[in-house]
Structures are given as structure tokens and as C-alpha cells.
1. Out of SER116, SER112, I need the residue that is surrounded by fewer than 19 Cβ atoms within 10 Å (Cβ to Cβ), closer than 21 Å to PRO349 by Cβ and under 20 Å from the mean Cα position of the chain (by Cα). Which one?
2. Scan segment 360-388 for residues that are of a type in the set (A, V, I, L, M, F, W, C) and part of a loop (DSSP other than H, G, I, E, B) and report the count.
3. Could you check how many residues of segment 356-387 are touching a residue at least 24 places away in the same chain (Cβ under 8 Å), touching a Leu at 6+ places or on another chain (Cβ under 7 Å) and not hydrophobic (A, V, I, L, M, F, W, C)?
4. On the basis of being at pLDDT 95 or above, of a type outside the set (S, T, N, Q), closer than 26 Å to TYR409 by Cβ and buried (at least 19 other Cβ atoms within 10 Å of the Cβ), does LEU358 make the cut?
5. Which of the following residues is of a type in the set (Asp, Glu) and touching an Asp or Glu at 6+ places or on another chain (Cβ under 9 Å): ASP424, ASP439, ASP419?
6. For segment 280-288, check the following and say yes or no: at least one residue is closer than 30 Å to ASP406 by Cα, modelled with pLDDT under 90, in contact with an Asp or Glu (Cβ under 7 Å, 6 or more places away or on another chain) and of a type in the set (D, E, K, R).
7. Can you work out which of the residues in segment 265-288 that are hydrophobic (A, V, I, L, M, F, W, C) and either free of Cβ contacts under 8 Å to residues at least 24 places away in the same chain or not in a loop (DSSP other than H, G, I, E, B) (or both) is nearest to VAL316 (Cα to Cα)?
8. Could you please tell me which pairs satisfy a Cβ distance under 7 Å, a separation of 6+ or placement on different chains, a first residue in segment 291-303 that is in contact (Cβ under 8 Å) with a residue 40 or more places away in the chain, and a second residue that is in a loop (DSSP other than H, G, I, E, B) and of a type in the set (S, T, N, Q)?
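The values are calculated or read from the model by the stated rules, or taken from the named source; none is laboratory data. The shown structure was predicted, so the numbers you read here are calculated from the model rather than taken from an experiment. Because the Cβ atoms are built from the backbone with ideal geometry, glycine has one as well, and the counts that use them run over all protein chains shown.
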Amino acid sequence: MFQTWRLKLREAEEAYKAGDLAKAGRMLVDESLTHFLPGRRLATKVTTRKAERALNCIKSSDFDSAWGEIDEAISLSGETTAILDARQKLVEAAMRNIGLLLRTGDASAALSAIESFEKRKLAAAPLLTLKQVAQRIQSAANLAKHGKFAEADAQLEIAMRLRPDFVEFEQGRTDCRERGKRFRDVAEQLHHAMAAGSWSEVVQLADQLLQLAPESKLAKDARQQAWAKVGAKLVDSRRVPNNWSGENDLGEVNGERFLLWVDGVGGYLVSLASEIVLGQAAPGNRVDVPILADISRRHAKIRRDGEGYTIEPLHVLRLNGKAIQTQAVLSNGDEIELGSGVRLRFRRPHALSASARLDLVSRHRTQPYADSILLMAESCVLGPRWQNHVVCPDWEADVVLYRQDDELYCRAMNAIEIDGELCDGRGRLNSNSHVTGSDFSMSLEELDRCTTQPLR
């Protein structure tokens, strides 16, 4: 009589030959096939392949998948030489990646990666140093948001002492000091304007401070006092501008959208709503982000609540490879998968802005086509810096789109031209404005509120 274990082993071998190493490994463990010599030989083959896969994942910086391959291999065959070698290479690559995240200012992602190390009990002296650096950078960002630039600079100085080889921190300190000087200059003007009772000027200066430090208590209190003096109602900067939306007759479309075309850089679908729906780009289907793909007509909702974002699955959705059925918090760098293959990357690139960006990782496209989707809160920063919402490498300085008193504005360091009129670095935008500066040009294009096509 043919033993049952041989049938199971044959099935496991077929899975191995088909490249389904996960199934082969599960069968070897669940059916106790490694008790038999042929099973142990197959386990060795599976482990070797998993080690190779882990190394390939490392090369593509897919560290989560690499850890998964190594964990499965260890549970199957223990800590073999091949697996230990792959794990060491993974640790080294992951440490380099944490260093890179810190050098580019992404302390949140670095802390997340460090936490993954700590859960695996792989903490070591270099990792503990990187954690302290990440905490200092994160602290500096929070202090800067509140206008405490001297304290932020002190945190960055400590980070530099911990890792003097991270020369990028010096530029971060320079930027921090420059912003601090601008903040102090504007704050002084603000105090003079308040003493003189020039409340319109107070509002403008307070808004300038909030661009530098979004959580500045001085700016918020001054702005509230100014509006109280002139008898106007203080407006929430996250509201959709009236001249952009009117009544919302689209049902599922939760807020006004427009296309932002940046010459020499790309096109971006901008949503001003605090809640958007992602779904299929199909005739008659009205969603904020229509995607040309085999997904549900209304597949998921993304909601901005204060400074954070959450995602709610309406149909099959995976977050970082794990299926979710309830609302979940989004973090910078999270990968969202709609259905079976539409993958997007969620990013919060700018530490001083609540705006976010969605990049399509898979080959799918939005309708109308856009390079990325911008979820605009109070501001959207374009320019040469890596942390901007739209990186424009050839520009000399940043340009900011921001919302103020139910209207959309553009601000630059130098004079700009908006719709043919010269402005002294700041001007109000219309739904189809064209903006030019000394080294840039961009246009806004209103979307037809009843279709997914731009207005012509």
C-alpha cells in the first residue's frame, strides 16, 4: 500500500516546481514530511530558494518580503548557513536604508523600520544611535511646527553630534535657522501691527507665520483677534473654497478637483476635499479618483481628520500586503492595494503640511491621466527640495499653493505673473489660472463636475 505521506510529498514537490514555495513549505511542516529523508531533502531545496528570494528582495529594497522569506525558511529548516547569510545581508541593507531615510529627513519611516528591528530583538548599539537620531529629527519637526526654531535647531545639532557623517543635517540646520529668522522678523512686524490696530495687516502677517509654523499659537491668537475686531468669521482653512465648488451635485464626488500642469515636471490631480472616494473609471461613475482598472465603482474612501489620514475599504483592500475590513490609519510610505493589482503609495512628504500624495505604483492610470494625486489640505509645496509635494529639480526656490479665506492663492519668493498680471510674490488663483515665474510655469485646469474630463 502506497504510504499517504508520499502522496503529500509529491504534492509538495509539485508546488515547489511551480514556484509556490509558501505552499510547499506549509505542507512540509503541517504534514510532518520532514520526518522522512525525502521530505528533509525537499525542505533544504525550499530553504535554499527562499534564501535566494530574500536576497532578490533585498536588492529591490523590499525588506518586508525579505523578512517574510527568512522567517518561513527558519520555521522550515532552522538557521541554516544560507539563511543566516541572507539575514545578515538583510540586517545590513535595512540599516543602510534607515540611515538613508534619516539623511533625507523621513524620521517617521525610519522609526517604523527601527521598530520592526526591535520586535525581532535585533537591537544593537548602531541601531540605538539611529533611533536617538530619528527621535531628535522628529522632535525638531514638531518644534518647528510650533515656531520654536531655536529649540528645533538644538535638536538637529544633537542629531549631528550623534551621526556627524550625516552631512545633510547641516543643510537642515541652515534651513531651520533661516526659517527661524523669517519667523522672528514677521512676528516683530505682527506685534507692531497689533499695537497699531492694523487688523488687515495682522491677518496677512499671521498667515505668513502659519506658513512657516502651522501650529504657531501667536499667529493663531493674532488671527482670531484680528477677525474678531473686524467682525468677520474665522474660516477653517480646510474648507473647500466657494468659488471652486458651489453645490455638490455629484453625489459620490466629495469635493472639487482640478488638474495642475507643471511645465517640464508633470500633471497632478488635486483634490481639495477632506474625504475622497477611489473607484473605477467607468461611464457615469462619479468618484474623486477614477482609476482605469478592474476594481469596484466605489472601492475605498480616504479621509483627512486634522493632521492624519485614514482609509476605509468598501471592497477588497490590502494595506502593506495585509487585507483589512475596517477603517485603518495611513502612515507615510504605506502601500494600498485595491482589488488584485491596483497599487498606490501613500506619502506625507512635507513635515509642515497636512497635504498628502498618492502615487500609482502599478501600471494603472487615472482618468484623466495624472502623474500623481495630491490630497491638498492647507498648502501644497512645489520646488527643488526632496520633501516637497511636487519635486521640481530645476526650480531655484519653492512655490506654495495655499488656501486662505475660502480662496486659493499662490506664493513665491520673487515676483510672479498670474493670468497676465504681475504680482509681488503672491496672488489669488482662479479655477483655470496660469502662473509663471522667472524659472517656472504652471496651469490649473478645472475638471468638468459631471464627467472625469477637463473643461475645454
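1. Working: SER116 fails: closer than 21 Å to PRO349 by Cβ.
Going through SER116, SER112 in turn, just one is surrounded by fewer than 19 Cβ atoms within 10 Å (Cβ to Cβ), closer than 21 Å to PRO349 by Cβ and under 20 Å from the mean Cα position of the chain (by Cα): SER112.
2. At the first step, the residues of segment 360-388 found to be of a type in the set (A, V, I, L, M, F, W, C) are 360-361, 370, 373-377, 380-382, 386.
Checking the rest, the ones that are also part of a loop (DSSP other than H, G, I, E, B) come to 361, 370, 376-377, 386.
The qualifying residues number 5.
3. 8
4. On the way: at pLDDT 95 or above: yes; of a type outside the set (S, T, N, Q): yes; closer than 26 Å to TYR409 by Cβ: yes; buried (at least 19 other Cβ atoms within 10 Å of the Cβ): yes.
Answer is yes for this residue.
5. On the way: ASP424 fails: touching an Asp or Glu at 6+ places or on another chain (Cβ under 9 Å); ASP419 fails: touching an Asp or Glu at 6+ places or on another chain (Cβ under 9 Å).
That would be ASP439, the only listed residue that is of a type in the set (Asp, Glu) and touching an Asp or Glu at 6+ places or on another chain (Cβ under 9 Å).
6. If we filter segment 280-288 for residues that are closer than 30 Å to ASP406 by Cα, which is where we start, we get 281, 284-288.
From the residues that got through so far, the ones that are modelled with pLDDT under 90 too are 281, 284-286.
Filter once more, so that each one left must be in contact with an Asp or Glu (Cβ under 7 Å, 6 or more places away or on another chain): 286.
Filter once more, so that each one left must be of a type in the set (D, E, K, R): 286.
The answer is yes, given that some residue of segment 280-288 is closer than 30 Å to ASP406 by Cα, modelled with pLDDT under 90, in contact with an Asp or Glu (Cβ under 7 Å, 6 or more places away or on another chain) and of a type in the set (D, E, K, R).
7. Of the residues in segment 265-288, the ones hydrophobic (A, V, I, L, M, F, W, C) are 265, 269-270, 272-273, 276-278, 281-282, 287.
From the residues that got through so far, the ones that are either free of Cβ contacts under 8 Å to residues at least 24 places away in the same chain or not in a loop (DSSP other than H, G, I, E, B) (or both) too are 269-270, 276-278, 282.
Working: LEU269: 24, VAL270: 25, ILE276: 17, VAL277: 14, LEU278: 12, ALA282: 18 Å.
Checked segment 265-288; the qualifying residue nearest to VAL316 (Cα to Cα) is LEU278.
8. That search, which allows pairs on different chains as well, returns LEU292/GLN367.
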